[in-house]
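The values are calculated or read from the model by the stated rules, or taken from the named source; none is laboratory data. Keep in mind it's a predicted model, so treat the numbers as computed, not measured. Cβ coordinates were reconstructed from backbone atoms using ideal geometry, including for glycine residues, and neighbour counts include every protein chain displayed.
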Amino acid sequence: MKTESLTYRELADRLGVKLESARKTVQRKRWQKVTANDGTIRILVPVESLPSSRDMSQDSPGGSPSDGPSAAEIAILEERIQGLQALVESERRRADAAEADREAWRVQAQKGLFARLFG
């Protein structure tokens, strides 16, 4: 029987399922697992259990992978990117303010008790 060595992630992608579903499939079908030198687990999957590349292209939404995203999808993603950039900038300002506040408290804590009470 001809097999192909795949990681759980690669198997999930090939089967078009979630990672946990791929793990359950391996367990249910009792496919052999091999631990590689780098610690990753590879599963020896029978080739006939994998969908052919022809089957995968028919299942993929939006036609062939070479079509790429449409202009509308790009516009939506760019809008989301701008929103995320604004959120990052807002959080950066908040973090800077928190650091300044922390520094002020640190300076205050380093002063002696007498200086804190009587200025």
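Descriptive notes on the structure:
- From R9, R30, R42, residue being surrounded by 13 or more Cβ atoms within 10 Å (Cβ to Cβ), at pLDDT 90 or above and among the basic types (K, R): R42
- The single condition among (1) modelled with pLDDT of 90 or more; (2) among the acidic types (D, E); (3) over 23 Å from the mean Cα position of the chain (by Cα) that D67 does not meet is (1).
- Among the candidates A109, A86, residue that is within 25 Å of the chain's Cα centre (by Cα), at pLDDT 80 or above and of a type in the set (A, V, I, L, M, F, W, C): A86
- Residues located in region 1-30, provided they are in contact with a strand residue (DSSP E or B) (Cβ under 7 Å, 6 or more places away or on another chain) and small (G, A, S): S5
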